[in-house]
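**Q** Here it is, the structure in full.
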Amino acid sequence: MSVSTAETGRDVVLPEGAGHSLLVRDVVNETRDAKTVVFDVPDELAERFRYRPGQFLTLRMPGWQAAARCYSLSSAPDLDRHLAVTVKRVADGAVSNWMCDEVRAGDRILVLPPSGRFVPRSLEEDLLLVAGGSGITPMLSIIRSVLERGTGSVVLCYANRDEHSVIFAERLRELSERYPDRLSVSHLLESVEGLPTEARMRGLLGPFAGRDAAFLCGPEPFMDAAAAALRDLGVDRERIVVERFVSLTGDPFEGTRPRSAEDGGEQGARVTVDLDGQRHELDWPREAHLLDVLRSAGLDAPFSCREGACSACACRVTAGRVTMTRNEVLEEEDLAEGLVLGCQALPATDVVALTYDE
Ligand SMILES: Cc1cc2nc3c(=O)[nH]c(=O)nc-3n(C[C@H](O)[C@H](O)[C@H](O)COP(=O)(O)OP(=O)(O)OC[C@H]3O[C@@H](n4cnc5c(N)ncnc54)[C@H](O)[C@@H]3O)c2cc1C
Ligand code: FES
């Protein structure tokens with residue numbers, strides 16, 4: 001469904017098609033500043049909302065200043081019946097304060113299906129996890145999955161301002177007691193030893209530099225210090241996986257309806273797309289992003305952030321060329337394999353072929 005908005009003069013695809021309205025089942029206090037919001041996923045959406053440990057949901061705060069934000073799933077797939085995100089209040093932050101203050105059991109929130117690449121390759125690996133503050137959220141899901149579903153082990157280095165701000169302190173203590181040989185947790189408290197410096201991180205992480213992979217999630221300076229320390233310790237870039245907790249600037253629930261040649265737009269390219277086992281052929285207006293073209297045609301192409309930052313929309317070019325408006329996630333080797341972000345892709349040749357199915 002689309003309407004023209006008076007404010008922007010654009011045709012927008014209304015959000016009903018994009019997200020799913022999920023019922024909030026429970027809201028749990030974690031610390032003074034953090035709450036876990038638990039969602040009910042109805043049976044008919046169970047497949048759409050399947051996820052892997054470390055992935056996130058994108059949700060939308062309603063109202064006149066509607067805003068979308070990503071929140072990592074703190075629940076663990078196959079271990080928890082319901083999906084849960086854990087939100088830490090950010091000073092003057094719009095959505096985190098709304099989630100912590102306003103959201104109640106029984107409310108409904110518009111949510112996009114799980115997405116993200118902050119996911120261990122296998123639950124049999126030995127992992128080093130480095131978390132700061134709310135960065136623990138995806139880590140809890142990974143830790144529980146590795147311990148309870150896999151055979152790997154986890155070393156967690158977890159930094160917080162003080163002992164009152166440690167989210168999941170009790171659950172981590174219980175897990176360490178239950179799996180003493182497979183989980184080791186070191187707490188770093190700024191109130192006790194100051195901000196963790198690169199030198200301090202090097203000393204702390206040194207004994208674990210040989211682990212299969214390192215996952216980093218937390219405030220920017222903390223992650224930069226941890227990543228630099230790991231690189232100094234000789235850990236390859238591809239063994240370091242980083243999740244950046246930034247706020248979305250746009251609204252991924254709102255898609256732009258592209259102007260076709262019939263609407264007075266420029267003659268576009270022709271694109272063949274393989275999606276969910278079916279082949280589709282469409283016109284691709286020159287200034288329209290592939291994702292908008294596909295969704296406007298009623299195709300269920302995947303996406304999450306719509307701003308080149310998550311890769312949920314990645315697909316592979318098999319013929320022709322495309323350019324991207326923005327890319328913050330695909331690396332050189334991804335691009336060399338022909339991967340592009342559907343939400344940012346524009347046609348660069350008259351004929352293009354792509355697949356979402358590999
Ligand atoms: C993949 C991913 C997973 C995430 N997972 C989690 C999670 O599990 N838990 C979690 O708590 N967070 C998570 N985040 C972060 C989350 O999405 C939000 O960024 C966070 O909650 C802050 O959003 P907000 O709306 O409260 O703050 P915003 O309104 O976005 O504000 C952020 C900061 O910017 C400042 N600010 C805002 N507007 C202005 C302005 N005009 N001028 C100057 N400063 C301004 C605010 O004061 C605040 O300090 C995740 C992010 C990503 C991308
Ligand atoms: S939807 Fe996130 S990068 Fe395209």
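No value in this document is a laboratory result; all are computed from the given coordinates. Treat the numbers as computed from the prediction; the structure is a model and nothing was measured. Don't worry about glycine lacking a Cβ; one is built from the backbone with ideal geometry, like all the others, and counts go over all protein chains shown.
**Q** Report, to two decimal places, the Cα Rg of the range 266-355 normalised by 2.2 N^0.38 Å (N = number of residues).
**A** Ratio of Rg to 2.2 N^0.38 Å for the range 266-355: 0.96.
**Q** Mind checking which of 41, 21, 176 is farthest towards the positive end of the chain's charge dipole, using Cβ charges of +1 (Lys, Arg) and -1 (Asp, Glu) about the Cα centre?
**A** 176
**Q** Which value does Rg/Rh take for the range 7-115 over its C-alpha atoms, Rh per Kirkwood?
**A** On the Cα set of the range 7-115, Rg over Rh gives 0.97.
**Q** If you don't mind, another one. Averaged across orientations, what area in nm² does the convex hull of the alpha carbons in the range 127-243 project?
**A** Projected over every direction and averaged, the Cα hull of the range 127-243 covers 6.6 nm².
**Q** What is the ratio of the Cα radius of gyration of the range 81-185 to 2.2 N^0.38 Å, where N is its residue count, to two decimals?
**A** 1.19
**Q** Ok, one more. Kindly work out what percent of the DSSP beta bridges joining two residues of the chain are antiparallel, to the nearest 5.
**A** In the chain, approximately 65 percent of DSSP beta bridges are antiparallel ones.
**Q** Now a separate question. Distances over 39 Å make up what percent of all Cα-Cα pairs in the chain?
**A** That tail contains 19 percent of the Cα-Cα pairs.
**Q** Quick one: work out the % antiparallel among DSSP beta bridges in the range 266-355, nearest 5.
**A** Beta bridges within the range 266-355, antiparallel portion: roughly 75 percent.
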